[in-house]
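To start, the structure itself, in structure tokens.
Values in this text are rule-based calculations from the coordinates and carry no lab data. These numbers were taken from a predicted model, which means no experiment stands behind them. Note: ideal-geometry Cβ built from the backbone for every residue, glycine included; neighbour counts use all protein chains shown.
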């Protein structure tokens, strides 16, 4: 959805030529009606819209259980780094600034679909009290549901399915955003910090699951956590000396 009719027409042409079926909206209310009545496979969302902002709509989508995991790509002229971080923080899966390349847009949409399709490989991941359910896009800590953003969810899923392996920032970018998409490596650090902060808020020990590997990138290692939890669960062994006469 976009407030510029010319851009909407161009997007429709590009997407329909690539084989997509399109629904377009010019304001917040019309967009929300389309989303709830005809849930799309992906939503292209502008920032500035009649009736409100794209960020407001994004927050509304993420609070609704029916649309919580809807893939969203922000497509906007707001190119400042703070705007990009805010959009991703509010729950956008990706962020593209205008002017943009139609080929890049299609590549990013395909990257989202590849991630969605590959999730079927493992539907549930568990480390101690941390449980990730891919089908429902839900993460819980000791049965408490965590409010996790879509990008942090993808990162956590990737890490939990590739434990004890060190990955560079470039490798993480390729796995999460796709090889056809250019995203700055610093973006990885931003989302790693958010994921660590989220886990730490629930249990400080779990923030150490994602380890920084100096000179390389990051590694997901549950080894120390699981060892400490097993030790804590073991009953203390008190030795007593007995003598018999």
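The calculated 222 nm mean residue ellipticity attributable to helices in the chain amounts to -13500 deg cm²/dmol, summing -39500 (n - 2.57) over DSSP H runs of n ≥ 4 and dividing by all residues. Note on the chain: GNM, Cα springs under 10 Å; of 79, 92, 134, the largest mean-square fluctuation is that of 79. Remark: the residue 114-residue 184 segment gains 23.2 nm on full extension, using 0.36 nm per residue and subtracting the alpha carbon distance. Here the calculated FRET efficiency for residue 161 and residue 41, from their Cβ-Cβ distance with R0 = 25 Å, stands at 0.60, rounded to the nearest 0.05.
Could you tell me whether region 1-56 comes out rounded, prolate or oblate from its Cα gyration tensor? Rule is a ≥ b ≥ c as square roots of the eigenvalues, rounded for a/c under 1.5, then prolate if a/b exceeds b/c, otherwise oblate. Oblate, because a/c is 1.5 or more while a/b does not exceed b/c. In a GNM of the chain with a 10 Å cut-off on Cα contacts, which of 158, 20, 220 has the highest mean-square fluctuation? Between 158, 20, 220, it is 20 that shows the largest mean-square fluctuation. Modelled spin labels at residue 30 and residue 89, positioned 7 Å past Cα toward Cβ, are 3.2 nm from each other.
Divide the volume of the convex hull around the Cα atoms of the chain by the residue count and you get 149 Å³ per residue.
Peptide packing: for 150-157, 169-176, the average count of neighbouring Cβ atoms within 10 Å per residue gives the ranking 150-157, 169-176, highest mean first.
Compared with the dominant principal axis of the Cα atoms in the chain, helix 223-233 is inclined by about 50°. One decimal place: the segment residue 229-residue 214 gains 2.8 nm when fully extended, by the rule 0.36 nm per residue minus the C-alpha distance. Treating r as the C-beta distance of residue 5 and residue 174 and R0 as 45 Å, the FRET efficiency rounds to 0.80.
For the chain, the longest principal axis of the C-alpha atoms and the axis of helix 102-118 are separated by about 40°.
In the chain, the longest principal axis of the Cα atoms and the axis of helix 186-202 are about 50 degrees apart.
Here, region 1-119 is characterised by an Rg to Rh ratio of 0.92, where Rg is the alpha-carbon radius of gyration and Rh the Kirkwood radius.
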